[in-house]
Amino acid sequence: MTKVLSFISRKGGTGKTTNAINLATMLNNLGHRVALIETDTNYTLNTLRKMEVYKSSAKEDSLFEILGSEDSKIASDLKAMRESDSYDFIIVDSAGKTTDEGIKKLCLESDAVIVPTSLTQNDLLVTYQTIVDLSPARELKEDLRIMVLPNRIHSLTGSKTIMDALSNLDAHILEVPVPQKNLFVNFSTIMAEKEYLEIAKEILKELNHG
Ligand SMILES: Nc1ncnc2c1ncn2[C@@H]1O[C@H](COP(=O)(O)OP(=O)(O)OP(=O)(O)O)[C@@H](O)[C@H]1O
Ligand SMILES: [Mg+2]
């Protein structure tokens, strides 16, 4: 059965794209059938994929699909993709400027929402608001899983500090944080970053057993 995982936040720059692509390439690497949908109208990931294919010997049709969509049609795109039963996971990288209505429609077609956040005061406030803004969707879809993904975490920050910073959020806090590291930023749409494995496993664990 297809599982839809959507990266959402009310503000740009929290790490949606970085984490969406690292998760997608890792799940693909683990042998799952993956599609990634970007709703950023610049279609950055699609362009990166084209460049990577051009530079390497990779065959585009042997790679996971990167598709473009937008607020107004993402829900119907997801419905059709679910029905085709061609994917184990569909990862959605939503745009920071998504409207309330767009977020609600996307959530109703998602199994899980992942909200990446750093621990800066501004990101924490935006994350708090993002979780509040998810309540209309949550009321309509009780089994929607909402996960907060600590992102850009300094290597010396302990898990208690992270949990304390995020404890007022009404969502599941993922226990494996994403460190602040260039290796997650210099991502590829073809090759998975092996350090992302533990993070991907934690997301799957919460998706399946949470
Ligand atoms: N784990 C990380 N380590 C280091 N840098 C990171 C990490 N995650 C994100 N960044 C950096 O933070 C910036 C924003 O990340 P990203 O583009 O993934 O955010 P976004 O939520 O997709 O933003 P937008 O809403 O504008 O699309 C980028 O410069 C990215 O390289
Ligand atoms: Mg982005």
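Nothing in this text is a laboratory measurement; each read-out follows from the coordinates by a stated rule. As the structure is a prediction and not an experimental result, all values here were calculated from the model. Cβ sites come from the backbone with ideal geometry, for glycine too, and all protein chains shown count toward neighbours.
Going by how many other Cβ atoms sit within 10 Å of their own, how do ARG33, ARG49 line up, fewest first?
In increasing order of surrounding Cβ atoms, one gets ARG33, ARG49.
The Kirkwood radius of the range 3-197, taken over pairs of alpha-carbon atoms, gives through the Stokes-Einstein law at 20 °C and 1.002 mPa s a diffusion coefficient of 126 µm² s⁻¹.
Of the GluC sites (Glu not before Pro) in the range 36-131, not one is in a loop by DSSP (not H, G, I, E or B) with at most 10 other beta carbons within 10 Å.
When only Cα pairs below 8 angstrom with a gap of at least 6 residues are kept, the range 3-197 shows a relative contact order of 32 percent. Which whole-Hz ³J(HN,Hα) couplings does the range 31-40 yield from phi under the Karplus relation 6.51 cos²θ - 1.76 cosθ + 1.60, θ = phi - 60°, glycine and proline marked x? Running phi through 6.51 cos²θ - 1.76 cosθ + 1.60 with θ = phi - 60° gives x, 7, 8, 10, 10, 10, 10, 10, 10, 6 Hz. What net charge is computed for the residues neighbouring ASP93, neighbours being all others with C-beta under 14 Å from the C-beta of ASP93, Lys and Arg scored +1, Asp and Glu -1? Here the count lands on -3.
Label positions at LYS205 and LEU183, each projected 7 Å from the Cα along the C-beta direction, are separated by 2.0 nm. Taking every Cα-Cα distance in the range 124-210 and sorting them into 10 Å bins from zero, the calculated P(r) comes out as 14, 41, 35, 10 percent. Between SER155 and THR99, the FRET efficiency estimated from the beta carbon spacing at R0 = 22 angstrom works out to 0.05. Compared with the alpha-carbon gap, the fully stretched path from MET51 to ASP88 is longer by 10.7 nm at 0.36 nm per residue.
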